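Below is one structure, written out as structure tokens, with a few remarks after it.
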Amino acid sequence: MTRERKLFGTDGVRGEAGTFLSAELASALGRAAAASVEAERPQLLIVRDTRESGPMLEAALAAGIAAAGGDALLGGVLPTPAAAILVKRLGLDLAAVVSASHNPYRDNGIKFFSADGTKLGEGAEARIESLLDADLAAAEPGRVRELNGGLEDYLRALQAAFPLDLFGRKVMLDCANGATHRAAPAIFERLGAEVETIAAEPDGRNINAGCGSTHIESLAAHMIGSGAEIGFAFDGDGDRVLAVDSFGHPHDGDELLALAALGMAGRGELSGGVAVTVMSNYGFHRAMEEAGVEVAVTKVGDRHVLEEMRRNGRTLGGEQSGHIITSRFALTGDGIAAALMTMRELGSRELLEAIPMRKLPQTLVNVEVADRLALAGATAVWEAVERESEGLKGRGRVLLRASGTEPLVRVMVEAESADEADAVCERLVGVVRRELG
């Protein structure tokens, strides 16, 4: 198979299962991943979500690993962050996750975690890709075997990190018909909570379908009149979470991060402040400034957040989308851990009263342009951005960035009122269309 373009994107290899992400490609990735490990008999863990294409890709990936002389350990259906925990705890060389996260069921993906529980860096991914078509030396075939007890190991790790007493608390969990459908209810029940679940009956095709963190309105509707004090919505692979309070109001990753940051800071646990992306709401920054918490800002993507955390010893980071990383537990986003961390910070308070920030109204418009790369040199656009930013100084902000893959410029404005955000955004969109359309 000749490669004409880079396979690895921002979160592994992802595409339509059976066409782009075929069994042939999965097998080649498994073979190359095993060959990239400097070990006599590489040990690789595989976990997956609930998509109907998962078992096929899992089998192909395992076959490739074994063909390269490695051992493939099949962990079955587990949240993505469980792979990060298990690969380190079991002393394995790599972990592979078969999942397309919040995408529809027709898509699937393969991403890898290193032995220390972090997503593979770009250099390691490039090494795997370079070996896809290499003429590798024949190896004594490895083995494919089931890994028993993976779920229990993950639950024990969660309970050890968050030894909460949730007796008398009722929570609702939207498991997106995905990888958290067993683990999330199990840990909350183990900690004593009364649990009601929705979207916890996967059939291979209903993952993320009108449910989960990308459809938070489903959980919000179920919360009304349920008697639950809080609800959590996970995505298909369980590495992100959003919350809904008892009144049915949704709360995003910025709000949950703000709650955790102030709680950890109060206990002296927040080393180095918190890392967020450029998309975090201005209200988050104002709340952190008022509390004296340092904030580092990165490019979009949890990989960049983690890089900043590790580089400067920060213990907390995340994204508005609900990817929340606490390095005291794992070095990747973990929706269930973030939900438990939220419960710890709440104590006996209601979520609505505990959130320490006010989100500013936000307007986001994607503008089609002839050449997204021309944004960098568009002087008139940046002069307009500077002018509007000065007008919002201390009250809001402007963010323009080119899409990484499409001919789009994203224009985002946050202001004290929705009307002001709309008006500023409309003016900027007009400039972008005139200069770059």
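Any chance you could list the semi-axes, whole Å, largest first, of the equivalent ellipsoid that the Cα gyration tensor gives for segment 78-188, using √(5λ)?
On the way: eigenvalues 205, 60, 34 Å².
After scaling each eigenvalue by five and taking roots: 32, 17, 13 Å.
State whether segment 264-307 is rounded, prolate or oblate according to the following rule on the C-alpha gyration tensor (a ≥ b ≥ c being the square roots of its eigenvalues): a/c under 1.5 gives rounded; otherwise a/b larger than b/c gives prolate, and the remaining case gives oblate. Please list the in-between numbers first.
Values: a/c = 2.98, a/b = 1.34, b/c = 2.23.
Oblate is the answer for segment 264-307, as a/c is 1.5 or above yet b/c matches or exceeds a/b.
What helices does the chain have that are whole DSSP H segments, at least 30 Å long along their own axis by Cα, and with mean Kyte-Doolittle hydropathy of 0.5 or more?
On the way: long enough: none.
The answer is none, since no helix passes both cut-offs.
Using the Cα gyration tensor of segment 23-150, with a ≥ b ≥ c the square roots of its eigenvalues, what is the shape: rounded (a/c below 1.5), prolate (a/b larger than b/c) or oblate (neither)?
Values: a/c = 1.40, a/b = 1.24, b/c = 1.12.
Here segment 23-150 falls in the rounded category.
Around Pro42, what is the net charge, scoring Lys/Arg as +1 and Asp/Glu as -1 over all other residues with Cβ under 10 Å from its Cβ? Mind showing how you got there, number by number?
Numbers: positive: Arg41; negative: Glu38, Glu40, Asp71, Asp93.
The answer is -3.
Sort Lys299, Lys111 by heavy-atom solvent-accessible area, probe 1.4 angstrom, most to least.
On the way: Lys299 135, Lys111 10 Å².
Solvent-accessible surface, decreasing: Lys299, Lys111.
Which value, in debye to the nearest 20, gives the size of the charge dipole of segment 35-139 about its Cα centre, when Lys and Arg are +1 and Asp and Glu are -1 at the Cβ? Let's see the in-between values first.
On the way: 9 positive and 14 negative charges, 82 e Å.
Charge dipole, segment 35-139, about its Cα centre: 400 debye, nearest 20.
Would you please classify the overall shape of segment 308-375 from the alpha carbon gyration tensor, given that a ≥ b ≥ c denote the square roots of the eigenvalues, rounded means a/c under 1.5, and beyond that prolate means a/b larger than b/c while oblate covers the rest?
Numbers: a/c = 2.96, a/b = 1.54, b/c = 1.92.
It is oblate, given that a/c is not under 1.5 and a/b is not larger than b/c.
Could you tell me what percent of the accessible area of the chain is made up of carbon and sulfur, with a 1.4 Å probe and every protein chain present?
Details: 8510 of 17650 Å².
On the chain, the fraction of accessible area on carbon and sulfur atoms equals 48 percent.
Only four residue types carry charge here, +1 at the Cβ of Lys and Arg and -1 at the Cβ of Asp and Glu. Report the dipole size of segment 212-346 about the Cα centre in Debye, rounded to the nearest 20. Intermediate values should be presented prior to the final figure.
Details: 10 positive and 19 negative charges, 83 e Å.
Its charge dipole is roughly 400 debye.
Separation of segment 338-392 and segment 153-196 by C-alpha centroid, Å?
After rounding, the separation between the Cα centres reads 31 Å.
Out of Gly263, Leu242, Gly225, whose Cα points farthest toward the positive end of the dipole of segment 171-278 (charges: +1 Lys, Arg; -1 Asp, Glu; placed on Cβ)?
My answer, from the dipole projection, is Gly263.
With point charges of +1 on the Cβ of Lys and Arg and -1 on the Cβ of Asp and Glu, referenced to the Cα centre of the chain, which listed residue (Thr315, Ser22, His102) lies farthest in the positive direction of the dipole?
Of the listed residues, the answer is Thr315.
Taking only protein heavy atoms into account and a 1.4 Å probe, give the accessible area per residue of the chain in Å².
Numbers: 17650 Å² over 437 residues.
The answer is 40 Å² per residue.
By average Cβ neighbour count within 10 Å, what is the ranking of 66-76, 326-336, 344-354, 267-277 from highest down?
On the way: 66-76: 22.4, 326-336: 24.0, 344-354: 14.5, 267-277: 18.9.
Result, highest mean first: 326-336, 66-76, 267-277, 344-354.
Would you list Lys88, Lys170, Lys359, Lys393 from the most to the least accessible area, probe 1.4 Å?
Numbers: Lys88 125, Lys170 40, Lys359 85, Lys393 145 Å².
Greatest to least solvent exposure: Lys393, Lys88, Lys359, Lys170.
Nothing charged except the Cβ atoms of Lys and Arg (+1) and of Asp and Glu (-1): what's the magnitude of the dipole of the chain about its Cα centre? Round to the nearest 20 debye.
Details: 45 positive and 64 negative charges, 122 e Å.
Its charge dipole is roughly 580 debye.
GNM, the chain, Cα, under 10 Å: largest mean-square fluctuation among Ala384, Ala157, Ala337?
Of the options given, Ala384 has the highest mean-square fluctuation.
Ranked by accessible surface with a 1.4 Å probe, highest first, in what order do Ser130, Ser280 come? Could the numbers behind the result be given before it?
Details: Ser130 75, Ser280 0 Å².
These residues rank, largest area first, as Ser130, Ser280.
The values are calculated or read from the model by the stated rules, or taken from the named source; none is laboratory data. All values reported here derive from a predicted model rather than from experimental measurement. Positions of Cβ are generated from backbone atoms using ideal geometry, with glycine treated the same way; all protein chains shown enter the neighbour counts. Please note that ligands, DNA and RNA were not included when accessible areas were found on the heavy atoms of the full protein model with its side chains. Shrake-Rupley method; radii C 1.70, N 1.55, O 1.52, S 1.80 Å.
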